[in-house]
Amino acid sequence: MEERIQKIISKCGIASRRKAEELILEGQVSVNGVPAVLGMKADLTRDHIKVNGKLIGAVQSKVYLMFNKPVNCLTASNESEGRPMVKDYLKRVKAQVFPVGRLDFNSEGLLILTNDGELANAILHPKSKIPKTYRVKIDGYLERKDIIKLERGVRLEDGMTAPAKVKVVKSLKANSWIDIIIYEGKKRQVRRMLQSVGHPVPFSG
């Protein structure tokens, strides 16, 4: 049965559907020797689909892992420049798994890793509205007007953010701790949101 290439890649456990689309746009996917394009369909039972030059096949069993990513560790494995990566902690895991979403180098917290692309797509898709909670240390004191801005959505270079929920946990002279709940996953979104209201997140490590 023919399906869109990104869905096939997702079902085979190579990447989430969103990441599969990125791989297609980057020219890393081919079908029967021809570079794939978004919208192209194929049949895994008869077509040769390659990702990064490797022929893909159906996943036999699903794997689900929870991993507490430490600070100063890369979620993605490309352009590591010798820095620690999440995959360094997974050497005993035989299945090829990928992270559902990501945390940046200076952040720590829960990551779900799996080879279930359909689950990853369901979690990451904005329509699912799955809350993601971050506890963040920021410079300065977060005033009520800033909380209102964040909760209504702020404009970033890649568009408006969806409404968030914000709670001040602890306030000190030089900085504060807050909980912020978002329902989407733009790149470095929380840091950029807080930067936009004048309260940058200090980098550690």
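Can you list the strands (runs of 3 or more DSSP E) found entirely within the range 29-122 that contain at least 1 residues being over 17 Å from Arg4 (Cα atoms)?
64-69, 109-114
Yes/no per residue for (1) assigned by TED's automatic domain parsing to the domain that holds Val71; (2) over 19 Å from the mean Cα position of the chain (by Cα); (3) exposed (fewer than 12 other Cβ atoms within 10 Å of the Cβ):
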| position | (1), (2), (3) |
| --- | --- |
| Arg155 | no, yes, yes |
| Met160 | no, no, yes |
| Ala164 | no, no, no |
| Lys167 | no, yes, no |
| Lys170 | no, yes, yes |
| Ala174 | no, yes, yes |
| Trp177 | no, yes, no |
| Ile181 | no, no, no |
| Glu184 | no, no, no |
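From the residues in the range 183-205 that are closer than 22 Å to Phe105 by Cβ and of a type in the set (Gly, Ala, Ser), which one is modelled with the lowest pLDDT?
Gly205
Do the conditions hold for Gly185, that is, is it under 20 Å from Gly101 (Cα atoms), of a type outside the set (Val, Ile, Thr) and touching a Gly at 6+ places or on another chain (Cβ under 7 Å)?
Values: under 20 Å from Gly101 (Cα atoms): yes; of a type outside the set (Val, Ile, Thr): yes; touching a Gly at 6+ places or on another chain (Cβ under 7 Å): yes.
Against the criterion (under 20 Å from Gly101 (Cα atoms), of a type outside the set (Val, Ile, Thr) and touching a Gly at 6+ places or on another chain (Cβ under 7 Å)), Gly185 qualifies.
For the range 157-182, how many residues are within 30 Å of Asn121 (Cβ to Cβ) and either modelled with pLDDT under 90 or outside any loop (DSSP other than H, G, I, E, B) (or both)?
Result for the range 157-182: 11.
This table checks each residue for (1) surrounded by 18 or more Cβ atoms within 10 Å (Cβ to Cβ); (2) closer than 19 Å to Gly185 by Cα.
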position: Val29; (1), (2): yes, no
position: Val37; (1), (2): no, no
position: Met66; (1), (2): no, yes
position: Lys69; (1), (2): yes, yes
position: Gly82; (1), (2): no, no
position: Asp88; (1), (2): no, no
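Output the number of residues of the range 103-137 satisfying the condition of being within 21 Å of Val51 (Cα to Cα) and either buried (at least 18 other Cβ atoms within 10 Å of the Cβ) or basic (Lys, Arg) (or both).
Within the range 103-137, residues that are within 21 Å of Val51 (Cα to Cα) and either buried (at least 18 other Cβ atoms within 10 Å of the Cβ) or basic (Lys, Arg) (or both) number 7.
Being among the hydrophobic types (A, V, I, L, M, F, W, C) and surrounded by 14 or more Cβ atoms within 10 Å (Cβ to Cβ) is the filter here, so list the residues in the range 138-153 that pass it.
If the condition is that a residue be among the hydrophobic types (A, V, I, L, M, F, W, C) and surrounded by 14 or more Cβ atoms within 10 Å (Cβ to Cβ), then Ile138, Leu142, Ile147, Leu150 are the ones that fit.
Could you list, in sequence order, the residues of the range 123-140 that are hydroxyl-bearing (Ser, Thr, Tyr) and part of a helix (DSSP H, G or I)?
Ser128
When both residues are 6+ apart or on different chains and their Cβ atoms are under 7 Å apart, which pairs have a first residue that lies in the range 136-148 and is at negative phi, and a second that is assigned to a helix (DSSP H, G or I) and not charged (D, E, K, R)?
Sorted first by the residue in the range 136-148, then by its partner, the pairs are Val136/Val190; Val136/Leu194; Ile138/Leu194.
Quick one: which of Val97, Val154 is in contact with a Ser or Thr (Cβ under 8 Å, 6 or more places away or on another chain) and closer than 21 Å to Arg18 by Cβ?
Values: Val154 fails: closer than 21 Å to Arg18 by Cβ.
None of the other options fit; the residue is Val97.
Looking only at residues that are surrounded by 14 or more Cβ atoms within 10 Å (Cβ to Cβ) and part of a loop (DSSP other than H, G, I, E, B) in the range 1-27, which one is farthest from the chain's Cα centre (by Cα)?
It comes out as Cys12.
Which one of these does Ala122 not meet: (1) touching a Leu at 6+ places or on another chain (Cβ under 7 Å); (2) outside the structural domain of Met85 (by TED's automatic domain parsing); (3) under 30 Å from Val59 (Cα atoms)?
(1)
The values are calculated or read from the model by the stated rules, or taken from the named source; none is laboratory data. Note that the structure is a prediction, hence the values are computed from the model and not measured. Don't worry about glycine lacking a Cβ; one is built from the backbone with ideal geometry, like all the others, and counts go over all protein chains shown.
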